[in-house]
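The values are calculated or read from the model by the stated rules, or taken from the named source; none is laboratory data. Since the model is a prediction, treat every value here as computed from it, not as a measurement. Here the Cβ is made from the backbone with ideal geometry for all residues, glycine too, and neighbour counts use every protein chain on show. We work out accessible area using only protein heavy atoms, side chains counted, and drop any ligands, DNA or RNA first. Shrake-Rupley method; radii C 1.70, N 1.55, O 1.52, S 1.80 Å.
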Amino acid sequence: MKKNIAIILSSAAILLLVSCKKYLQETPYSFLSPINYYQTGTDAQTALIGAFSIMQAQNYYSRAVYEISELPSDLMYPSSGNQARADLSGLSYQPTNSEITVWWQNCYQMIKNANDLIANVPKIDMDTAFRNNILGNARFLRAIGYFDLVRTFGDVPLITRPITNPSDSLLFPHRTPAQLVYQQIIADFQFAEANCFSETVIGANGGSARQPATFKGMASTGAASSMLARVYLQRNSTSFADPADNQNALNECNKVINSGTYKLIPIYSNLFNPDTKNSVEHIFSVQFGLPPNTGNIVVRMMLPSALGGSGSFLAQTTFATTGYSSADTMRINWNIFKSSSTKYYFYKYRDNQWVANSNNSRDNWNIIRYADVLLMQSEAMNNIDPTNPAKFAGLDSVRSRARIPSAKFLNFTNTVTQANFVDSLVADRARELCAEGHRRWDLIRLGRYAQAMAKVGVTLDNNHLLMPIPYTEIQSNPNLTQNPGW
């Protein structure tokens, strides 16, 4: 980890100012230390933009996110030619897997940049609300980075301040118990919930050039509430679950739902159309655009060569042929493309301004949207009281938007037990959220990972519930230990 620390956790901040939309276009500042950089509110906002830009990297939320979360599942597999991806799909990966390594590195890069902000922005004389919003966004990003890490690796080094010198005690950090990492994630999201601007402030894209933190693409209080619900539900599936996790998740979902700020948009395909992105259903998304902005490689990766893409990732045949009911035409027609009798591709990401075979599209990456909040509400209610008929409402709302007939909605006649409900939820989350970076975590949280992988001919061992700590990190940091089974 020594090499990685030098890049990611050193005190010299190289602010990555890659633009993703007009609000991210700023004059670059390079090779400035936090000591002399953070002088004004504009400096703080520019640094925040740099922290957000990490998410646009191909090795993070432009590609690695679905390599880590979808390939090791029953929904997606890679085309031939890339062994690291094939190993992820077949659960035969090792600590040397390059995709696992870059996932670790980019998580810590974002955490490092967030820590710089959190440490230095409070010293700046600036408008209090804007300062707290910037700090809320920084802690939101740090929470996402640690949530990505703890779900993937379990115990990970918890670093919550900048490393200031070569003899710093955090230069070779030990792993922190996952239970404590979750506590920090929750504290960070709670801070973001209390201090980030509301969606009504950032959602209108009405901020001035001096205040880009008011533009869509930054975290809102609603985004923090939504992510808190996700974190509580995920922690509830661990050995250190808190007895209040389900109720807390339900409370957060209800905050978002009762706010009236977010809604399901009528046409499912518009969720993925760059011309209609950042709608009332999009709660938090990584922003992308055409050059000179940072584009998203996802269209090229997903579309087959016949449509101008590389066809690097395909939909599992079982899901493509049996995952949707005959009534679910809206979603399957948008999500799945059949190129031959044996190959199916995810057709979810498209852009009518995309140039075939290029790496750049305008498609945002949706980290959380309102349909997911409704599904989480149903999940939490089923966990709390499986006899409560209200648990069907959120899930059936999502089915209704997909134009599933009401006769196909869930009830205690066709979904008798708590386990039956979970089976339905697993299937519904796949239909709605496939190829959006959720599947591995869903299967682990809902206790269906082994069964799902068996259906695609892959055996799940207990050690596969966590991925191995990257070999390069173990070699560089004598204080890191490996996960069991690796």
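I'd like the full set of residues that are hydrophobic (A, V, I, L, M, F, W, C) and within 26 Å of Ile54 (Cβ to Cβ), limited to the stretch 268-302.
Passing the criteria: Leu271, Phe272, Ile283, Phe284, Val286, Phe288, Leu290, Ile297, Val298, Val299, Met301, Met302.
Pick from the stretch 275-307 the residues that are without any contact (Cβ under 8 Å) to a residue 24 or more places away in the chain and closer than 27 Å to Thr221 by Cβ: which of them is least open to solvent (accessible area, probe 1.4 Å)?
Selected residue: Ser279.
Show the residue pairs that are 6+ apart or on different chains and have beta-carbon atoms under 7 Å apart, the first residue being within the stretch 339-363 and free of Cβ contacts under 8 Å to residues at least 60 places away in the same chain, the second being open to solvent by 30 Å² or more (accessible area, probe 1.4 Å) and in a loop (DSSP other than H, G, I, E, B).
Cβ pairs passing all conditions: Tyr345/Ser339.
Kindly list the number of the only condition in (1) open to solvent by 60 Å² or more (accessible area, probe 1.4 Å); (2) over 24 Å from Ser98 (Cβ atoms) that fails for Pro484.
Against the list (1) open to solvent by 60 Å² or more (accessible area, probe 1.4 Å); (2) over 24 Å from Ser98 (Cβ atoms), Pro484 comes up short only on (2).
Give the residues of the stretch 64-115 that are within 22 Å of Phe337 (Cα to Cα) and among the aromatic types (Phe, Trp, Tyr), sorted by residue number.
Answer for the stretch 64-115, where residues must be within 22 Å of Phe337 (Cα to Cα) and among the aromatic types (Phe, Trp, Tyr): Tyr66, Tyr77.
Quick one: how many residues across the stretch 44-85 are of a type in the set (Gly, Ala, Ser) and assigned to a helix (DSSP H, G or I)?
8
Which residues, counting only those in the stretch 415-463, are open to solvent by less than 30 Å² (accessible area, probe 1.4 Å) and either β-branched (Val, Ile, Thr) or at pLDDT below 95 (or both)?
Thr415, Val422, Val426, Val458
Would it be correct to say that Thr160 is surrounded by fewer than 20 Cβ atoms within 10 Å (Cβ to Cβ) and closer than 12 Å to Ile185 by Cβ?
Working: surrounded by fewer than 20 Cβ atoms within 10 Å (Cβ to Cβ): yes; closer than 12 Å to Ile185 by Cβ: yes.
So Thr160 fits the description; yes.
Just checking, does the stretch 375-384 include any residue being more than 25 Å from the chain's Cα centre (by Cα), assigned to a loop (DSSP other than H, G, I, E, B) and at pLDDT 95 or above?
Kept after step one, since they are more than 25 Å from the chain's Cα centre (by Cα), are these residues of the stretch 375-384: 384.
Retained after the next criterion (residues that are assigned to a loop (DSSP other than H, G, I, E, B)): none.
Scanning the stretch 375-384, I find no residue that is more than 25 Å from the chain's Cα centre (by Cα), assigned to a loop (DSSP other than H, G, I, E, B) and at pLDDT 95 or above, so the answer is no.
Name the residues in the stretch 127-157 that are part of a loop (DSSP other than H, G, I, E, B) and surrounded by fewer than 18 Cβ atoms within 10 Å (Cβ to Cβ), would you? Show your work before the answer.
Residues of the stretch 127-157 that are part of a loop (DSSP other than H, G, I, E, B), as a first pass: 127, 154-155, 157.
Of everything in the stretch 127-157, just one residue is part of a loop (DSSP other than H, G, I, E, B) and surrounded by fewer than 18 Cβ atoms within 10 Å (Cβ to Cβ), namely Asp127.
Conditions first: (1) in contact with an Asp or Glu (Cβ under 9 Å, 6 or more places away or on another chain); (2) modelled with pLDDT under 95; (3) assigned to a helix (DSSP H, G or I). Leu88 passes all but one, so which condition is the exception?
(2)
Taking the stretch 419-456 on its own, how many of its residues are of a type in the set (D, E, K, R) and assigned to a loop (DSSP other than H, G, I, E, B)?
Residues of the stretch 419-456 of a type in the set (D, E, K, R): 423, 428-429, 431-432, 436, 439-440, 442, 445, 448, 455.
Then keep just the ones that are assigned to a loop (DSSP other than H, G, I, E, B); that gives 436, 448.
So the answer is 2.
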